[in-house]
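Participant: Right, I'll just put the structure down here and ask away after.
The values are calculated or read from the model by the stated rules, or taken from the named source; none is laboratory data. Only a predicted model underlies this, so the values are computations on that prediction, with no experimental measurement involved. Neighbour counts run over all protein chains shown; Cβ positions are idealised from the backbone, glycine included. When the accessible area is computed, the model is the full protein with side chains, heavy atoms only, and any ligands, DNA or RNA have been set aside. Shrake-Rupley method; radii C 1.70, N 1.55, O 1.52, S 1.80 Å.
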Amino acid sequence: MSSKLHTLTDGVSRVIGKMSPEDRFRIITFSDSARDFSRGWVTATPENVERTLKNIQKIKSSGGTNIYDGLSMAMEKLDDDRATSVVLVTDGVTNQGIVDPVKFHELTKSHDIRIFGFLLGNSANWPLMRTICDGSGGFYAGVSNADDIMGQILQAKSKILHESLH
C-alpha cells in the first residue's frame with residue numbers, strides 16, 4: 001500500500017480542493033483499524049480545506065487493509081436529514097478484520113447510504129467491492145492515477161447531487 005498511498009492521497013486532495021463552502025467531508029483512514037482522521041464532519045471552508053490538505057500529506061502507510069472497520073466508522077454520526085455517501089478509496093486488498101461478504105452486505109443495508117469504491121492496484125478484492133457498492137446503490141471502478149481518482153469522485157458527487165435533487 002505504501003507505494004500507492006501518494007496516488008490515493010493526491011486524488012483525494014484534489015477533490016477536497018474543488019469543494020465549495022456549502023460542502024462537508026469526513027475522512028476515515030484505515031489500516032489494521034479505522035481512525036477518524038478529520039475528527040468528525042468538516043465544512044469545506046477555504047481554511048478547513050487548506051488545513052486538511054496539509055494533514056493529508058502526512059498520512060503514512062502501516063499495517064493491513066481493514067475496510068470493514070473503515071466503513072463501519074464512516075457510517076457513524078450521520079445526520080438523518082442529510083443525504084450522505086461514502087467514497088471508498090483503497091487498494092482493496094481487505095486482509096484485516098472482517099472479510100466475509102455477508103457481513104459487508106449486512107453493514108451496507110444497515111444504513112441508507114451510497115458507497116462509491118475506487119480501487120488502485122491489481123490485488124483488490126473485486127467481488128467484495130461489487131458486493132459493497134452495488135448493494136448500496138453506488139458504483140465501483142479501478143483507478144490508476146490521481147487524475148482517475150479525481151474524475152471518478154467528481155462523477156460520484158454529480159450522481160449524489162442529482163439523486164438529492166429528486
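Participant: Can you list residue pairs whose Cβ atoms sit under 6 Å apart, with the first residue in segment 121-142 being over 19 Å from Asp100 (Cβ atoms) and the second being part of a helix (DSSP H, G or I)? Count only pairs 6 or more apart in sequence or on different chains.
Facilitator: Gly121/Lys4; Phe139/Cys133; Ala141/Gln152
Participant: In segment 104-143, how many residues are of a type in the set (Ser, Thr, Tyr), out of contact with any Gly (no Cβ under 6 Å at 6 or more places or on another chain) and more than 19 Å from Leu154 (Cα to Cα)?
Facilitator: Final tally of qualifying residues: 3.
Participant: How do the pairs read when you match residues in segment 21-44 that are under 15 Å from Lys77 (Cα atoms) with residues anywhere that are of a type in the set (Ser, Thr, Tyr), using Cβ under 6 Å and keeping only pairs 6 or more apart or on different chains?
Facilitator: Final answer for the pair search is Arg24/Thr43; Arg26/Ser38; Ile27/Ser38; Arg35/Thr29; Phe37/Thr29.
Participant: Let me ask something additional. When you scan segment 113-136, how many residues do you find that are out of contact with any helix residue (DSSP H, G or I) (no Cβ under 8 Å at 6 or more places or on another chain), surrounded by fewer than 19 Cβ atoms within 10 Å (Cβ to Cβ) and either among the hydrophobic types (A, V, I, L, M, F, W, C) or modelled with pLDDT of 85 or more (or both)?
Facilitator: 3
Residues are listed down the side, and each one gets a yes or a no for (1) part of a helix (DSSP H, G or I); (2) open to solvent by less than 20 Å² (accessible area, probe 1.4 Å); (3) at pLDDT 90 or above:
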| residue | (1), (2), (3) |
| --- | --- |
| Leu8 | yes, yes, no |
| Val15 | yes, yes, no |
| Glu22 | no, no, no |
| Val49 | yes, yes, yes |
| Ser61 | no, no, no |
| Asp69 | yes, no, yes |
| Leu78 | no, no, no |
| Asp81 | no, no, no |
| Val86 | no, yes, no |
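Participant: Sticking with this structure for a sec: Does Ser110 fit the bill of being under 25 Å from Arg130 (Cα atoms), out of contact with any Lys or Arg (no Cβ under 9 Å at 6 or more places or on another chain) and surrounded by fewer than 18 Cβ atoms within 10 Å (Cβ to Cβ)?
Facilitator: Yes.
Participant: Output yes when any residue across segment 31-45 is in a helix (DSSP H, G or I), open to solvent by less than 20 Å² (accessible area, probe 1.4 Å) and not hydroxyl-bearing (Ser, Thr, Tyr), and no when none is.
Facilitator: no
Participant: Here's a follow-up. For segment 124-145, how many residues are within 14 Å of the chain's Cα centre (by Cα) and in a helix (DSSP H, G or I)?
Facilitator: Counting residues in segment 124-145 that are within 14 Å of the chain's Cα centre (by Cα) and in a helix (DSSP H, G or I) gives 4.
Quick grid of which residues meet (1) closer than 18 Å to Met150 by Cα; (2) basic (Lys, Arg):
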| position | (1), (2) |
| --- | --- |
| Gly63 | no, no |
| Asn66 | no, no |
| Leu78 | no, no |
| Val86 | yes, no |
| Lys103 | no, yes |
| Lys109 | no, yes |
| Leu120 | yes, no |
| Pro127 | no, no |
| Ile132 | no, no |
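Participant: What are the pairs with Cβ atoms under 7 angstrom where one residue, in segment 72-96, is without any contact (Cβ under 8 Å) to a residue 60 or more places away in the chain and the other, located anywhere, is open to solvent by 60 Å² or more (accessible area, probe 1.4 Å) and of a type in the set (A, V, I, L, M, F, W, C)? Sequence gap at least six, or different chains.
Facilitator: Matching pairs, first to second residue: none at all.
Participant: Something else about it: Can you confirm whether Ile98 is among the β-branched types (Val, Ile, Thr) and either more than 14 Å from the chain's Cα centre (by Cα) or in a loop (DSSP other than H, G, I, E, B) (or both)?
Facilitator: Taking the combined requirement at face value, the residue satisfies it.
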